[in-house]
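Enquirer: My structure is below; once you've seen it, I'll send some questions.
The values are calculated or read from the model by the stated rules, or taken from the named source; none is laboratory data. Every value quoted in this text rests on a predicted model; they were computed, and no experiment measured them. Heads up, the Cβs are rebuilt from the backbone with ideal geometry, glycines too, and the neighbour counts pull from every protein chain shown.
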């Protein structure tokens, strides 16, 4: 049961949209194809075990961690609209 101007099922739709966006984001970051032997950012060799575990990898572990940290700081979808989420 929705309250106010919201239609029935609005909360579940919002949750579903958030999950769908997160899945699309994760899939867009998957690597494909042959792995690089050297990191494209720092030109350090990428260990064979990493290349075998992650097909299509192009970054060494250190550069990938830095890239992930930068992306997590920049991302932030706010669908809640609560005061707490707006204070960040």
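Enquirer: Please find, among 17, 43, the residue that is exposed (fewer than 13 other Cβ atoms within 10 Å of the Cβ) and without any contact (Cβ under 8 Å) to a residue 60 or more places away in the chain.
Expert: Step by step, each of 17, 43 is checked, and only 43 is exposed (fewer than 13 other Cβ atoms within 10 Å of the Cβ) and without any contact (Cβ under 8 Å) to a residue 60 or more places away in the chain.
Enquirer: Based on what the data block shows, is residue 74 exposed (fewer than 12 other Cβ atoms within 10 Å of the Cβ), at pLDDT below 80 and touching a helix residue (DSSP H, G or I) at 6+ places or on another chain (Cβ under 9 Å)?
Expert: Numbers: exposed (fewer than 12 other Cβ atoms within 10 Å of the Cβ): yes; at pLDDT below 80: yes; touching a helix residue (DSSP H, G or I) at 6+ places or on another chain (Cβ under 9 Å): no.
Judged against the criteria, residue 74 is not a match.
Enquirer: Then there's this: Quick one: residue 38 ticks every box in (1) loosely packed, with under 12 Cβ neighbours inside 10 Å; (2) without any contact (Cβ under 8 Å) to a residue 12 or more places away in the chain bar one, so which box is it?
Expert: Against the list (1) loosely packed, with under 12 Cβ neighbours inside 10 Å; (2) without any contact (Cβ under 8 Å) to a residue 12 or more places away in the chain, residue 38 comes up short only on (1).
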